[in-house]
Amino acid sequence: MTDDRLPAYFHPAERDFRPAPEWTGTELVPHPERVERAASIHHALEACDRVALIEAEPASEADVLRIHDADLLTVYRTASALAAGQGVHPTCFPRGAAAAPGHSRADPSKPLHAGNWCFDTGTPLDRTTLSAALGSAGCALAAAAAVREGEPLAYALCRPPGHHATRGSYGGYCYVNNAALAARMLRPRRRVAVLDIDVHHGNGTQSLFWRDPRVLFVSIHEHPDRCFPYFAGHPSEVGEGRGRGTTLNVTEEAGCDGARYVQLLESQVIPVLRAFRPDVLVLSAGFDTYALDPIGRFALQTHDYLDVGRRIGRLGLPTVVVQEGGYHVEHLGRNALALLDGLRVGA
Ligand code: SP5
Ligand code: ZN
């Protein structure tokens, strides 16, 4: 960049991606990961003269294959060939239950088999999903490239989000792990820390760097005994092998407010980030910690994001901010802007 505005990358393919209603267990509700989310952020950034909005190139399938299995991509490609109005909404999740060893018939080119690669009912596929996911991943790659080339801070307006997607499975409204892709791109030359501040545990990102001592993964989230994704994010999960000790999970309960959040950040998160001595930070930024969020049960206010941003910014690390969750559409843009302003002031 030739000016000192913050580069913020978006991709228009997400505007066609309108996930089908979500099954809550008792009823179908409008999907919370809706198209207006990105528009809210886009409008807030557009109105801010400290930010330069830039259209990213979509990620290529080869980019995606750096962190995901080919079968997963085949599942998405299969859905992208469906007719308008058709969707893939798995109701059968045979993982670990399917067949006698060596007899799996799981076929990624069959829409009815998609449950073999999926772990929840909230993450539908249709003809628009792959191109939205590649656009979203492209934003993360562009922001990572900007930071690699010397920007102190860059923002990726990723939609759909990514932190729940693992190497071989999708779920939690996530298809391609955008933050992991950014970290993977930066890793060869640097020690990378990933800090995940979405209210949900970033199980996908954790799993992708579980054994990797070069990438520190730290997440602060509602305790998974009571919150999605339920199966990962316990404080006892610390990594394995050479990666043992480069995963940290900090949990809190519903109702966690800004004061408590900042206390956890300062006492448990920032010291571990400093001790790792990273060269670069990838920040998985979810705003479903917001008090008015319809899904998350934390209680942060808009001004808390400014404070959280400042404290993270004080680490003085080049930072790639990757958009994750956050479902209070009306206030999502101002919350994102508050975090970015804090990061910049702190830096
Ligand atoms: C990226 C991200 O934030 N994914 C979150 C996926 C959460 N999916 C499960 C949500 C369950 C919500 N049920 C509560 C309904 C409240 N009305
Ligand atoms: Zn979330």
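The values are calculated or read from the model by the stated rules, or taken from the named source; none is laboratory data. None of the values given here were measured: they were computed from a predicted structure. Methodologically, a virtual Cβ is constructed for each residue, glycine included, from the backbone with ideal geometry; neighbour enumeration extends over all protein chains shown.
For the structure I just gave you, tell me whether ALA154 is of a type in the set (Gly, Ala, Ser), within 14 Å of the chain's Cα centre (by Cα), surrounded by 24 or more Cβ atoms within 10 Å (Cβ to Cβ) and away from ligand 2 (no atom under 16 Å from the Cβ). When the stated conditions are applied, ALA154 does not pass them. Just so you know, in the stretch 119-133 the residues that are buried (at least 24 other Cβ atoms within 10 Å of the Cβ) and away from ligand 2 (no atom under 16 Å from the Cβ) include one that is nearest to HIS89 (Cα to Cα), and it is LEU125.
Scanning the stretch 277-300 for residues that are away from ligand 1 (no atom under 15 Å from the Cβ), over 19 Å from the mean Cα position of the chain (by Cα) and either under 22 Å from ALA38 (Cβ atoms) or crowded, with 17+ Cβ neighbours inside 10 Å (or both) yields PRO278, ALA299. Scan the stretch 157-166 and give yes if some residue there is modelled with pLDDT of 95 or more, within 16 Å of ligand 1 (Cβ to nearest atom), not small (Gly, Ala, Ser) and not in a loop (DSSP other than H, G, I, E, B), otherwise no. Within the stretch 157-166, none of the residues are modelled with pLDDT of 95 or more, within 16 Å of ligand 1 (Cβ to nearest atom), not small (Gly, Ala, Ser) and not in a loop (DSSP other than H, G, I, E, B).
So that you can scan it fast, the table gives a plain yes or no per residue for (1) among the charged types (D, E, K, R); (2) outside any loop (DSSP other than H, G, I, E, B):
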{"position": "PRO58", "(1), (2)": "no, no"}
{"position": "ASP63", "(1), (2)": "yes, yes"}
{"position": "HIS68", "(1), (2)": "no, no"}
{"position": "THR78", "(1), (2)": "no, yes"}
{"position": "ALA84", "(1), (2)": "no, no"}
{"position": "SER104", "(1), (2)": "no, no"}
{"position": "THR121", "(1), (2)": "no, no"}
{"position": "LEU130", "(1), (2)": "no, yes"}
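Restricted to the stretch 314-347, and to residues there that are in contact (Cβ under 8 Å) with a residue 60 or more places away in the chain and farther than 24 Å from HIS11 by Cβ, the residue that is surrounded by the most Cβ atoms within 10 Å (Cβ to Cβ) is LEU317.
Scoring GLY233 on the criteria (1) more than 14 Å from ligand 2 (Cβ to nearest atom); (2) within 16 Å of the chain's Cα centre (by Cα); (3) within 19 Å of ILE270 (Cα to Cα); (4) not charged (D, E, K, R) leaves a single failure, condition (1). Every residue in the stretch 251-284 that is in a strand (DSSP E or B) and either in contact with an Asp or Glu (Cβ under 6 Å, 6 or more places away or on another chain) or more than 15 Å from ligand 2 (Cβ to nearest atom) (or both), please. Answer for the stretch 251-284, where residues must be in a strand (DSSP E or B) and either in contact with an Asp or Glu (Cβ under 6 Å, 6 or more places away or on another chain) or more than 15 Å from ligand 2 (Cβ to nearest atom) (or both): ASP257, VAL280, LEU281, VAL282, SER284.
The single residue among GLY342, GLY309, GLY296, GLY333 that is among the small types (Gly, Ala, Ser) and assigned to a loop (DSSP other than H, G, I, E, B) turns out to be GLY296.
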